[in-house]
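Novice: Just dropping this structure here.
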Amino acid sequence: MCTGKCSKVIAIPLYVLAGVSIICNIIAFFPGWSTKYAQEDRDGNGDRITDEVKYMGGFIGGGLMCLIPAIHIHLTSSKGCCANRCGMFLSIGFAAAGVVGALYSLATAALVLANGPVCLFKAPGDKDASWGRPFFKNNGSYLGDSELWTTCEEPKDVVEFNIGLFATLLVAASVELVLCVIQMVNGLFGCICGTCGGKE
């Protein structure tokens, strides 16, 4: 397969994965599908949104930092100004930026899954429920025990909500990482050997 065609095969899934990452990160600001908690968090009524959600790993890392390289990588597959050795050389740098973004998204998603969500829960020995992270020192072992998920009283089904979104982000970031690394290798071959697009 020509390096130009390979770039197209890499760019199209990157568009989709960047879109998925952005959407997941935005949705994560609304646990229980409610705007109430984001509003309370913004108004300074205590933490209602998980800290790692505010790091915007999916929006910035898996989203924008992979979307911009996807655009350039896609341009190297067309018969335009970037379908040459110089364009392929630049695609290595763009793909490297995508690798950094994917790693950032991957790290934040893994951190959320390991530490669990912020929720209203009653700690053993406490009279009243309070906001916090009941699974913070759990090392992610709560993920396999669905009976523990009922520890969180509010937002409704927040553990399932977080697991669904951040597992999706984790998978998306992993695939973005692989695609960007492949494009770095493809860009190197395109830079050395050409893009098979006729004029170089």
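Novice: Using helices alone, what [θ] at 222 nm do you get for the chain, with -39,500 (n - 2.57) per DSSP H run of 4 or more residues, divided over all residues and rounded to the nearest 500?
Specialist: Taking each H run of at least 4 residues, the total per residue is -20000 deg cm²/dmol.
Novice: Moving on. Net charge around C24, counting only other residues with Cβ within less than 13 Å of its Cβ (Lys, Arg = +1; Asp, Glu = -1)?
Specialist: -2
Novice: Considering only V178, V53, V112, give the residue with the highest GNM mean-square fluctuation for the chain, with springs between Cα atoms whenever their separation is below 10 Å.
Specialist: V178
Novice: Of [x] 1.14; [y] 0.97; [z] 0.93, which one was derived for Rg/Rh (Cα atoms, Kirkwood Rh) from the structure shown?
Specialist: Given [x] 1.14; [y] 0.97; [z] 0.93, the calculated one carries the label [x].
Novice: Okay, moving on. Find, among the trypsin sites (Lys or Arg not before Pro) in region 103-192, those assigned to loop by DSSP (not H, G, I, E, B) with at most 12 other beta-carbon atoms within 10 angstrom.
Specialist: Those that pass, being in a loop and sparsely packed, are K127, K137.
Novice: Okay, moving on. Considering only the other residues whose Cβ falls under 14 Å of the Cβ of C152, what net charge follows from Lys and Arg at +1 and Asp and Glu at -1?
Specialist: -3
Novice: Another question, if that's okay. Give me the one-decimal nm value for the distance between modelled label points at E160 and R85, 7 Å along each residue's Cα-to-Cβ direction.
Specialist: So the label points at E160 and R85 sit 5.8 nm apart.
Novice: Once the dipole of the chain is set up with Lys and Arg at +1 and Asp and Glu at -1 on Cβ about the Cα centre, which of G58, L103, P13 lies farthest towards its positive end?
Specialist: P13
Novice: Now for a different question. In terms of the ratio Rg/(2.2 N^0.38 Å) built on C-alpha atoms, what value belongs to region 6-78?
Specialist: Dividing the Cα radius of gyration by 2.2 N^0.38 Å gives 1.41.
Novice: Starting from the 7 Å offset along Cα-to-Cβ, what nm value, one decimal, do you get for the label separation of I71 and I26?
Specialist: For the pair I71/I26, the computed spacing is 1.7 nm.
Read the figures in this text as sums done on the coordinates, not as results from a lab. Given the structure is predicted, the values throughout are model-derived calculations rather than measurements. Every residue, glycine as well, gets a Cβ built from its backbone with ideal geometry; the counts of neighbours run over all protein chains shown.
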